[in-house]
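Below is one structure; the comments refer to it alone.
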Amino acid sequence: MADSTHILICRGTACLSSESQEIQNELQNQLKNRGIEEQVRVVHTGCFGFCARGPVMVVWPRGTLYCEVRVEDIGEIVERHILGGKVVERLLYRDPKTEINTEKIDDISFFHRQVRIALRNCGLINPDDINEYIARDGYKALGQVLTGHSPEEVVNIIKKSGLRGRGGGGFPTGLKWELTRKSPADLKYVICNADEGDPGAFMDRSILEGDPHSVLEAMAIAGYAIGAQQGFVYVRAEYALVVERLEAAVNQAKEKGFLGKNLFESGFNFDIDLRLGAGAFVCGEETALITSIEGNRGEPRLRPPFPAQKGLWGKPTLINNVETLANIPAIILNGAEWFTGFGTEKSRGTKVFALAGKIGNTGLIEVPMGISLREIIFDIGGGIPEGRQFKAAQTGGPSGGCIPAKLIDISIEYDTLLEAGSMMGSGGLIVMDDRDCMVDIAKFYLEFMCDESCGKCTPCRVGTKRLLEILERITEGRGREEDIGLLRELGHGIKATSLCGLGQSAPNPVLSTLRYFEDEYIAHVRDKVCPAGVCRKLSKVRIIPEECKKCGACAKVCPVGAIKGAPKELHEIDPEKCTKCGACVEKCPFKAITK
Amino acid sequence: MEQNQEQVANKKEHDEKLARLNDVIGEFKGQPGALIPVLHKAQQIYGYLPEEVQYHIAQGLGVPLADVYGVVTFYSHFTMIPRGEHNIAVCLGTACYVKGAGELMNKIGDELGIKVGEISKDRKFSLEAPRCIGACGMAPVLTINEEVYGRLNADQLGELLQKYKQ
Ligand SMILES: Cc1cc2nc3c(=O)[nH]c(=O)nc-3n(C[C@H](O)[C@H](O)[C@H](O)COP(=O)(O)O)c2cc1C
Ligand code: FES
């Protein structure tokens, strides 16, 4: 047994939901029973990103990754690996295509294509212990800045790095800092936007759960650069674990003198408070977020004035996204030039994506800008499960759009994605296969936006409702030929006239699916069929007589008694009674029923 | 007699909650932007935000009741309906949706006879539909009270509900 053995256990939200807490307890018990709890260090960390195979555990110094570990497996890991020095083969990652086991975390294709800057500490340190952050050069950047750089110099470093906002808009971060710095005022504020509203994304959550201090340190650096003494983190109330870890981190940083008065003897003061969101998507929009911190209904305001001029309580306010901030200490420590070495000319650095949907390796990845969508989906993501076809990927969440299979080689950059009718967004990447209906997806996003529209301006409040009604009738077989033109006209109108970014982007999913999958819309409207078989009212459940073996299984499972025919007779479905629930399709052993 | 004891216990609980709420109001009163943090804490204390609680907060903080009501109804996290003994939240975020969360929601709704935002007659179950709880890697995901359950299929769902029905 090597002396330096330590075991990292993921305790991000996904792994926690599959008992990683119990696993850690069991591990500690077993080590204790064998009297080796002193030699083996057990560390709980934030998310490794490999949620698809959670709960995961890495045993160092070898870097062995164990997947889908259960409490019952702990005995064997301790006996065989920790004491015996051998690997527990059956818990290793097995490549679904090659069926080869890989032992070391760095050799797994999911990990070795990644470049981790914003996620540099996630899955490596215990987020509840500030000393682990300090040991990985934590708060060193803040010290350097306060003792060796003027605020202008800090702004210049960030400008030179080419960092752009990771919250969706992609606005140059250095420029935003400079504008806020130059606004004259007695008080200024720094806000970290941790509202993460995109339904299907969890980048910011993982950073804050895995490495909260990196964001706090960056906020203090930003405060120094723009001349603010107070910061706020606006975080979703649904993220209970984030709130807990952030609170602990703020307290520890205060105790150590990294937050509070006279930091590093420089005379600079900076404090951070948390504010909880309360479940409103629009509050991710910066002006609505500010209104919400002020204690009101989170309705957006007209810009200009921009927050950099007039923000929280009328004072100049710098508002940055979690991931944007997480890059800052690394840029200060390594220099702007180092950062520009990653990515492309107009999109420097890396981007964190949350892979979800119909993809083998769901989870969190960080990749250099300029990587192709194909590499993300097939090399890192492990391709589409169940031998299905890749159909499209949605980026930018409900404000974004889809990238169809024919553009699979697109380079992931702010501008290329915009050209393709989508956007970088905050990092949600939902993969869809041939069983997903694009009209249904557009309807899903629109329902969301309609729900979340704050109601302040008419184009968004009424317009999204009308768009949704049209989509509803199309998916229910009541679509009219002119509906497709109407969707386009209305969509562009809403974009042009809405007050804030929510309305301005709400029609995007409709417009982009129309751009690439118009034939699917036409099939719904003209032929009244849903090619993917998703829209229930359009699907016809039918028994193929040649395939039917007359076993009677379908009739038994039908919840509404719509299938006629005793065993040994050809069965028939009564279309009047059938609710298209699909139970018979699943039940039929001969695949003789189609939907 | 028994009735009486119950009343006494209820009254005690009521007084305790009110005292905690007053502490919270005292702590935040006068601070800018106090209303939302106070509502968060009040909802933790009461489980929901009935009219009386809103009225009490309005009085305590010195803000119009209309403002309090406006804020409560704006944010979906605040609720004026009590939650059931077991609160089921089926994630309808995108990742869960494409993995069949819609079907899951329908099945639970049918099984319990309630719709989103409702509570069952026996007050045992209430149903919510959050949009993404950040566990998309485990989609489809639902939470019952504080427990998160991921990668669910219809069969497991039946077993799970059975467990909570008892
Ligand atoms: C409807 C809407 C929702 C938004 N949601 C978020 C969000 O959840 N998180 C975020 O960081 N930015 C969000 N933004 C972008 C913010 O308005 C703002 O641009 C961003 O926080 C700036 O930070 P950055 O420059 O570091 O990206 C949203 C914008 C709109 C229009
Ligand atoms: S979409 Fe359901 S947890 Fe994210």
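Please treat every number below as a calculation from the coordinates, not as lab data. Here the structure is a predicted model, which is why all the values come from computation and not from measurement. Cβ sites come from the backbone with ideal geometry, for glycine too, and all protein chains shown count toward neighbours.
Structure notes:
- Under 16 Å from A:Lys315, Cα to Cα: aspartates and glutamates that are on another chain or at least 8 residues apart: A:Glu178, A:Asp186, A:Glu286, A:Glu294
- Pairs of Cα atoms farther than 19 Å apart, the range A:427-491, %: 37 percent
- Sequence of A:Ser411, A:Ser399 once ranked by neighbouring C-beta atoms within 10 Å, starting from the fewest: A:Ser411, A:Ser399
- Over the range A:222-342, volume per residue of the alpha carbon convex hull, in Å³: 140 Å³
- The range A:350-433: relative contact order in percent, alpha carbon pairs under 8 Å with at least 6 residues between: 36 percent
- Overall, the anisotropy analysis places chain B in the oblate class: the square-rooted eigenvalues a ≥ b ≥ c of its C-alpha gyration tensor yield a/c not less than 1.5, with a/b not exceeding b/c.
- Rg [Å, one decimal], Dmax [Å, integer] - the range A:472-595, C-alpha atoms: 19.8, 65
- Sorted on the mean count of surrounding Cβ atoms within 10 Å across their residues, most packed first, peptides A:320-329, A:442-451, B:28-37 read A:320-329, A:442-451, B:28-37.
- Spherically averaged projected area of the range A:80-175 from its Cα convex hull (nm²): 10.5 nm²
- Neighbourhood charge, 12 Å Cβ-Cβ cut-off, centred on A:Val250 and excluding it, Lys, Arg +1 and Asp, Glu -1: -3
- Tensor-based shape of the range B:86-165 (alpha-carbon gyration tensor, a/c under 1.5 rounded, otherwise prolate or oblate): prolate
- Rounded if a/c under 1.5, otherwise prolate or oblate - the range A:130-340, Cα gyration tensor axes: rounded
- In order along the range A:207-222, phi translates into HN-Hα couplings of 5, 5, 6, x, 7, x, 5, 4, 6, 5, 4, 4, 5, 5, 4, 4 Hz, rounded to whole numbers, per the Karplus curve 6.51 cos²θ - 1.76 cosθ + 1.60 with θ = phi - 60° and x for Gly and Pro.
- Exposure proxy shown here: for A:Arg136, A:Arg236, the number of other Cβ atoms within 10 Å sets the order, fewest to most, as A:Arg136, A:Arg236.
- Relative exposure of A:His213, A:His6, judged by other C-beta atoms within 10 Å (fewest first): A:His6, A:His213
- Assigned charges on the beta-carbon of Lys, Arg, Asp, Glu; the protein assembly as shown dipole about Cα centre (debye): 1380 debye
- Remark on the range A:551-590: ratio of C-alpha radius of gyration to 2.2 N^0.38 Å is 1.03.
- Inter-chain Cβ neighbour count for B:84-93, averaged per residue, equals 2 (cutoff 10 Å, partner chain atoms only).
- Selection from A:Ile77, A:Tyr516, A:Gly387, by position along the positive dipole direction of chain A (Cβ): A:Tyr516
- Seen from A:Cys500, the other residues with C-beta closer than 10 Å to its C-beta sum to a net charge of 0, counting Lys and Arg as +1 and Asp and Glu as -1.
- Both radii come from the Cα set of the range A:277-434: Rg as radius of gyration, Rh as Kirkwood radius; their ratio Rg/Rh reads 1.03.
- Cα centroid separation, the range A:522-595 to the range A:439-506: 33 Å.
- Each principal axis of the Cα atoms in the protein assembly as shown has its own extent, and those three values, largest first, are 89, 75, 69 angstrom.
- Using the rule -39500 (n - 2.57) for each DSSP H run of four or more residues, divided by the residues of chain A, the 222 nm mean residue ellipticity is -10500 deg cm²/dmol.
- Partner chain coverage, peptide A:419-431 - average Cβ within 10 angstrom: 1
- Within chain B, helix-based [θ] at 222 nm, where runs of 4 or more DSSP H residues each add -39,500 (n - 2.57), nearest 500: -17000 deg cm²/dmol
- Selection from A:Pro545, A:Asn262, B:Gly100 lying farthest towards where the dipole of the protein assembly as shown points positive, charges on Cβ: A:Pro545
- Unsatisfied cross-links (Cα-Cα over 32 Å) in the set A:Lys456/A:Lys528; A:Lys528/A:Lys556; A:Lys182/A:Lys443: A:Lys456/A:Lys528; A:Lys182/A:Lys443
- Relative packing of A:179-188, B:59-68, which averages over residues the other C-beta atoms within 10 Å, highest first: A:179-188, B:59-68
- The local environment of A:Gly314, defined by Cβ-Cβ distances under 12 Å, has a net charge of +2 under the rule Lys, Arg +1 and Asp, Glu -1.
- For the peptide B:32-44, the mean number of other protein chain Cβ atoms found within 10 angstrom of a residue's Cβ is 4.
- Computed from backbone phi with θ = phi - 60° and the Karplus coefficients 6.51, -1.76 and 1.60, the 3J(HN,Hα) list for the range B:62-78 is x, 10, x, 4, 4, 5, 4, 4, x, 6, 4, 7, 6, 9, 6, 5, 7 Hz; x is used for glycine and proline.
- Efficiency of FRET from Cβ geometry, A:Asn334 and A:Arg80, R₀ 45 Å, rounded to 0.05: 0.65
- Size descriptor, Kirkwood hydrodynamic radius, that averages inverse alpha-carbon separations across the range B:2-74, Å: 12.8 Å
- Highest-first arrangement of B:9-15, B:97-103, where packing means the average Cβ count within 10 Å: B:97-103, B:9-15
- Descending principal axes extents, the range A:438-527, alpha-carbon based, whole Å: 39, 20, 19
- Principal axis dimensions, largest first and in whole angstrom, of the range A:6-112 by Cα: 41, 30, 22
- Phi-based couplings in Hz for the range A:112-127 (Karplus 6.51, -1.76, 1.60; Gly and Pro marked x): 6, 8, 8, 10, 9, 10, 5, 9, 3, 9, 5, x, 10, 10, 7, x
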